[in-house]
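The values are calculated or read from the model by the stated rules, or taken from the named source; none is laboratory data. Predicted model only: the values in this text are computed from it and were never measured. Positions of Cβ are generated from backbone atoms using ideal geometry, with glycine treated the same way; all protein chains shown enter the neighbour counts. Side chains included, ligands, DNA and RNA excluded: accessible areas come from the protein's heavy atoms. Shrake-Rupley method; radii C 1.70, N 1.55, O 1.52, S 1.80 Å.
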Amino acid sequence: EGARVAATKLVDRGATGVICASDVLALGTIRAVRRLGRTVPGDVSVVGFDDSAFMTCTDPPLTTVRQPIETMGQAAVDLLVTQIEGGGVLADELLFEPELVVRGSTAPSPRG
């Protein structure tokens with residue numbers, strides 16, 4: 001519901017693309033765009049975040065950002081094991097490279 005309300009406001013203000021904090025919010029955004037009589041991706045592009053399991057099955061298939069969950073989990077386990085074994089905590093931050101998974105919910109702006 002929150003995505004629908006926010007997306008309606010954005011599209012009414014002329015937005016031609018919406019990047020959402022989750023795939024679920026992206027699905028709510030697609031629904032809002034359709035309720036306004038517009039199309040995804042023809043009028044508005046929508047991008048989600050997480051690459052949830054069924055995003056290839058949506059209409060249109062959702063463009064999303066995939067996080068390297070396995071790599072992140074392994075890094076967390078490695079840090080924990082190091083601490084348990086008496087090693088120090090690293091002062092460095094860990095950076096992980098997300099991947100943009102382009103599917104059918106995005107297209108060039110209709111305004112060029």
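If you take the beta carbon distance between Leu94 and Arg66 as r and set R0 to 22 Å, what does 1/(1 + (r/R0)^6) give as a FRET efficiency, to the nearest 0.05?
0.80
Leaving ligands, DNA and RNA out of it, report the carbon-plus-sulfur percent of the accessible area of region 1-97 at a 1.4 Å probe.
On region 1-97, the fraction of accessible area on carbon and sulfur atoms equals 57 percent.
What's the ranking of 27-33, 105-111, 75-81 by average number of surrounding C-beta atoms within 10 Å, highest first?
27-33, 105-111, 75-81
Report, please, the projected area of region 1-62 averaged over directions, based on the convex hull of its C-alpha atoms, in nm².
Result: 3.6 nm².
Which ³J(HN,Hα) values, rounded to whole Hz and listed in residue order, are derived for region 15-20 from phi using the Karplus coefficients 6.51, -1.76 and 1.60 in 6.51 cos²θ - 1.76 cosθ + 1.60 with θ = phi - 60°, glycine and proline given as x?
Per-residue couplings from phi come out as 4, 10, x, 9, 9, 9 Hz.
Read phi for every residue in region 85-92 and hand back ³J(HN,Hα) as whole Hz from Karplus 6.51 cos²θ - 1.76 cosθ + 1.60, θ = phi - 60°, with x for Gly and Pro.
Once θ is set to phi - 60°, the couplings for region 85-92 become 7, x, x, x, 8, 5, 7, 6 Hz.
Starting from the 7 Å offset along Cα-to-Cβ, what nm value, one decimal, do you get for the label separation of Lys9 and Val81?
Label at Lys9, label at Val81, 4.7 nm between them.
Roughly how many debye, to the nearest 20, is the charge dipole of region 1-70 about its Cα centre, given +1 on each Lys and Arg Cβ, -1 on each Asp and Glu Cβ, and no other charges?
Once rounded to the nearest 20, the dipole reads 380 debye.
In whole Hz and in residue order, list the ³J(HN,Hα) couplings for region 44-54 that follow from phi through the Karplus curve 6.51 cos²θ - 1.76 cosθ + 1.60, θ = phi - 60°; x for Gly and Pro.
9, 8, 10, 10, x, 8, 2, 6, 4, 3, 9
Let me see the P(r) profile for the chain: every Cα-Cα distance counted, bins of 10 Å, each bin given as a percent of all pairs.
With a bin width of 10 Å, the distribution comes to 14, 37, 21, 15, 10, 3, 0.
If you place +1 on the Cβ of every Lys and Arg and -1 on the Cβ of every Asp and Glu, how big does the dipole about the Cα centre of region 42-99 come out, in debye to the nearest 20?
80
Report the extension gain between Ile19 and Arg34 in nm, rounded to one decimal, defined as 0.36 nm multiplied by the number of residues separating them, less their alpha carbon distance.
Additional length available on full extension: 3.8 nm.
Skipping prolines and chain starts, which residues have an amide H placed within reach, meaning under 5 Å, of the one on Thr63, given they are 5 or more residues away or on another chain?
Gly48, Arg103, Gly104, Ser105, Thr106
Accessible area per residue of region 1-88 at 1.4 Å probe, in Å²?
Per residue, region 1-88 has 59 Å² of solvent-accessible surface.
For the ranges 63-71, 88-96, 40-48, what's the packing order if you count other beta-carbon atoms within 10 Å of each residue, average per peptide, and put the highest first?
Result, highest mean first: 40-48, 63-71, 88-96.
For Val102 paired with Thr56, estimate the spin-label separation in nm (one decimal), with each label point 7 Å from Cα along the Cα-to-Cβ line.
1.8
Taking only complete DSSP H runs, can you tell me which helices of the chain stretch 20 Å or more along their own long axis by Cα positions and average at least -1.0 on the Kyte-Doolittle scale?
69-84
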